[in-house]
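Structure, as structure tokens:
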Amino acid sequence: MSVLLYNTMSRQLEPFQPIKESDVGLYTCGPTVYNYAHIGNLRTYLFEDLLKRTLLISGFKVNHVMNITDVGHLTGDGDDGEDKLEKMASKTNRTVWEIASYYTEAFFKDYDELNMIRPTTVCKATDHIEQMIALIKRLEERGHTYISGGNVYFSIDSIDDYGKLARLDLQALRTAVRDDVEVDGNKKNSKDFVLWFTKSKHGEQAMMWDSPWGRGFPGWHIECSAMSMHYLGESFDIHCGGIDAIPVHHTNEIAQSEAATGKPWVKYWLHGEFLLDETGKMSKSKGEFLTLGLLESKGFDPMDYRYFCLGGHYRSQLKFSFESLETARTARRNVYDRIQNLLNQGAKKIALQRSEALAYQSAFLEHVQNDLNTPRSLADLWGVLKDEGLSIDEKYTLCLYFDQVFGLRFDTITKAEEQTFPPEAMALLQQRIEAKKVKDWALADSLRSELDAMGYVVKDTPSGSSLEKKM
RNA sequence: GGUGCCAUACCCAAGCGGUAAGGGAAAGGUCUGCAAAACCUUGAUGCAUCGGUUCGAAUCCGAUUGGCACCUCCA
């Protein structure tokens, strides 16, 4: 069974066939490090992690490259927008370099806490200005650029398939629809975009580099083209990002990359849908700024969020609410409890042989390889946990196998050991056992609620009473 | 103005032509002194509405209604 992936370029499910036999080149758009990532950003990285894990379990080797956008470029294609790094730097009285390194670190903290497998290569835009300049030079030599108002622009009329990814109807598109966007009069075609700025209306930037066109800084899109080709070659397998990147960012990346090389650039384009909050699209500038840290401060485990995302398909919008997150937490804890019960009964990892067990394994693979249908494969997990026809070893083994894709840290679950509790708690428990013995239910109940207030749950089982820390 | 996506039980959410996965919540049960925990059971004759195609449609087509996103800030 091959891996089926939905390719935005063809708008179809396609069997995945890497350019080089089993060695996959994967490029994922990384963060702009001017602020914390919100959980909507994180959802996209989780989808990419899932894709990578699915490729790995399917036997591919994955060479994963992710960029860090740390260059203080303007956010628009014209000479408009604002420089987010500069803005945050002046707001907090730090340098742009400090801002970039601070938020890069914060990003990878989230990345690790969510148990995402780190990219093979993480590349910073500011370390690759040279490659960007070289790429712009190539475009210039091939006649795809012009200089206007001091900036170097890419001319979309110099190629004949601009907008093929987004299937843009160039005639029908409006420019500067949004109020806060200004029309850039320097452009020959309103869809042209800047490759290199030397004259910005914002004047001097903290980050500037010398170039053949003068001292300045790169445009918005050039870094991904330059770095992906530098690390993965001029044609590679998969490029991912959020769905919002299709009409502008990825469209422009394709235009400049293929214009420079004359070759097809990326074989498969995959895009993650948005996470929505009550107001619609999640945003850093309006409403509550939801970060992983905020979720944790409210008592959630990063794995709760990971489980929550697994519950929806990556190509569907997913509605976030704390109620839904609590649902995910409960479900995840139930899974953990069941797995721990298996361990308590002595479950161990074995080689699967029986067809009943192998059937679950292949069903799981089929679902996950079918364009990452994690909601369906989560149902497979529950099927395994509830199937009395499987041995505990088979169940445990299957759970660990599934977790290669889920990444829910099932391997960290351990047998319930004799937990140690503070002596005062143990004393209360002992008193309650005595009270129960003499059928003093009133005292027993009050001791139970006292322990509850201390954060301990009393569990009465046929074999006696014990304590458990409240989760 | 243009383009695209979506509408499935109380909530979240799979399914993509062959007779509705899963989770959470809820209810009932077993257990218990009572609880909690655990375990078991139950759940849409129905997939926004109205037409159409088909032996057969949640799945295809058309219309309507509602929601969301994109068209130079955000994944």
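The values are calculated or read from the model by the stated rules, or taken from the named source; none is laboratory data. As the structure is a computational prediction, the values presented were derived from the model and not from experiment. Note that we place each Cβ from the backbone using ideal geometry, even for glycine, and neighbour counts take in every protein chain shown.
Points to keep in mind about this one:
- When A:Lys386 is tested against the conditions (1) modelled with pLDDT of 95 or more; (2) surrounded by fewer than 19 Cβ atoms within 10 Å (Cβ to Cβ), the lone failure is (1).
- The set of residues in region A:114-126 that are of a type in the set (D, E, K, R) and surrounded by fewer than 17 Cβ atoms within 10 Å (Cβ to Cβ) contains only A:Arg118.
- Being under 30 Å from A:Leu365 (Cβ atoms), among the aliphatic types (A, V, I, L, M) and either crowded, with 18+ Cβ neighbours inside 10 Å or more than 10 Å from RNA strand B (Cβ to nearest atom) (or both) is a description that does not apply to A:Leu451.
- Checklist (1) touching a Lys or Arg at 6+ places or on another chain (Cβ under 6 Å); (2) of a type in the set (S, T, N, Q); (3) within 6 Å of RNA strand B (Cβ to nearest atom) applied to A:Asn344, failing item: (3)
- Criterion applied to A:Ala425, A:Ala416 was being surrounded by 10 or more Cβ atoms within 10 Å (Cβ to Cβ), more than 9 Å from RNA strand B (Cβ to nearest atom) and within 19 Å of A:Asp337 (Cβ to Cβ), and the one residue passing it is A:Ala416.
- All of A:Arg43, A:Arg53 fail the test of being crowded, with 17+ Cβ neighbours inside 10 Å, at pLDDT 95 or above and within 17 Å of A:Asn373 (Cβ to Cβ), apart from A:Arg53.
- Any hit, region A:337-357, residues being loosely packed, with under 15 Cβ neighbours inside 10 Å, of a type in the set (Ser, Thr, Tyr), without any contact (Cβ under 8 Å) to a residue 24 or more places away in the chain and not in a helix (DSSP H, G or I): no
- Members of region A:330-342 found to be closer than 14 Å to A:Arg409 by Cβ and at pLDDT 90 or above, listed by number: A:Arg332, A:Arg333, A:Val335, A:Tyr336, A:Ile339
- Scanning region A:388-414 for residues that are in a loop (DSSP other than H, G, I, E, B), under 15 Å from A:Asn334 (Cα atoms) and out of contact with any Asp or Glu (no Cβ under 8 Å at 6 or more places or on another chain) yields a count of 3.
- Summed over region A:243-269, residues that are in contact with an Asp or Glu (Cβ under 8 Å, 6 or more places away or on another chain) and part of a strand (DSSP E or B) total 3.
- Residue, farthest from A:Thr32 (Cα to Cα), within region A:88-107, restricted to residues that are small (Gly, Ala, Ser) and within 27 Å of the chain's Cα centre (by Cα): A:Ala89
- Flag if A:Ser235 is closer than 25 Å to A:Lys124 by Cα, in contact (Cβ under 8 Å) with a residue 40 or more places away in the chain, in contact with a Ser or Thr (Cβ under 6 Å, 6 or more places away or on another chain) and not aliphatic (A, V, I, L, M): no
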